[in-house]
Amino acid sequence: MTAPATGAPAPAESGTTEPTAPQAPTPAAEPATGPADGELGDAGKAALQRERDARKAAEKAQKALEARVKEFEDAQKTEAQKTAERIQKLEQDAAKALRYEAAEKAELPLSLAARLKGDTLDDLIADAAELKQLLGATAPAAPAAPTTPKPDPRQGGGQADVGGTMAAGAAAYEARKNRK
């Protein structure tokens with residue numbers, strides 16, 4: 001049996017249980033994709049825009065539902081729970097501020113403040129000083145100032161006889177060649 005023109009595999013003959021390998025689809029079975037350069041046609045563009053609009057609407061609806069769920073959860077919390085959450089948030093903010101203060105006092109880059117450990121300002125300052133010392137011991141030396149290339153006296157015009165003549169160059173070449 002032969003495979004249909006749509007590229008579907010041929011049905012197994014009676015008596016065989018072995019599946020047949022699918023054949024490559026024929027060019028007639030491939031869907032039309034529009035112009036050869038891969039651009040979408042008007043129908044494709046319209047379908048794509050409808051999908052994008054639907055996605056935006058779904059995301060907007062999801063955000064609205066999440067906000068309603070949070071509002072409902074917040075309404076169910078007791079005043080003590082709300083106060084505890086505010087206190088926890090304030091403590092986190094205070095700890096972050098202490099780390100930045102310790103990094104500043106130890107003259108450590110503020111980008112490293114999050115790495116500091118400790119409960120009090122003194123502990124954080126000590127950790128910052130230790131971290132700064134470790135960085136100083138392992139940090140590579142500051143890169144040297146960029147140097148400019150040395151000037152080439154043959155460039156720029158101003159010299160009367162910088163390179164000589166072609167005959168002088170040929171003679172120098174021959175002299176080097178004969179020395180070897």
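The values are calculated or read from the model by the stated rules, or taken from the named source; none is laboratory data. The model shown is predicted, which means the values in this text are computed figures rather than measured ones. All Cβ positions, even for glycine, are placed from backbone atoms using ideal geometry, and neighbour counts span all protein chains on display. Side chains are part of the model used for accessible areas, which takes the heavy atoms of the whole protein and leaves out ligands, DNA and RNA. Shrake-Rupley method; radii C 1.70, N 1.55, O 1.52, S 1.80 Å.
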* Pairs, please: C-beta under 8 Å, at least 6 apart or cross-chain, first residue in a helix (DSSP H, G or I) and in the stretch 37-57, second of a type outside the set (A, V, I, L, M, F, W, C) and open to solvent by less than 60 Å² (accessible area, probe 1.4 Å)? -> Gly44/Gly34
* So is Tyr100 among the aromatic types (Phe, Trp, Tyr), open to solvent by 100 Å² or more (accessible area, probe 1.4 Å) and either at negative phi or modelled with pLDDT under 85 (or both) or not? -> no
* Asked: Right, Ala75: loosely packed, with under 10 Cβ neighbours inside 10 Å and over 29 Å from the mean Cα position of the chain (by Cα) or not?
  -> yes
* **Condition broken by Thr138, with the remaining ones in (1) at pLDDT below 85; (2) open to solvent by less than 90 Å² (accessible area, probe 1.4 Å) satisfied** => (2)
* Asked: In the stretch 86-94, is there at least one residue being among the β-branched types (Val, Ile, Thr), in a helix (DSSP H, G or I) and open to solvent by 70 Å² or more (accessible area, probe 1.4 Å)?
  -> yes
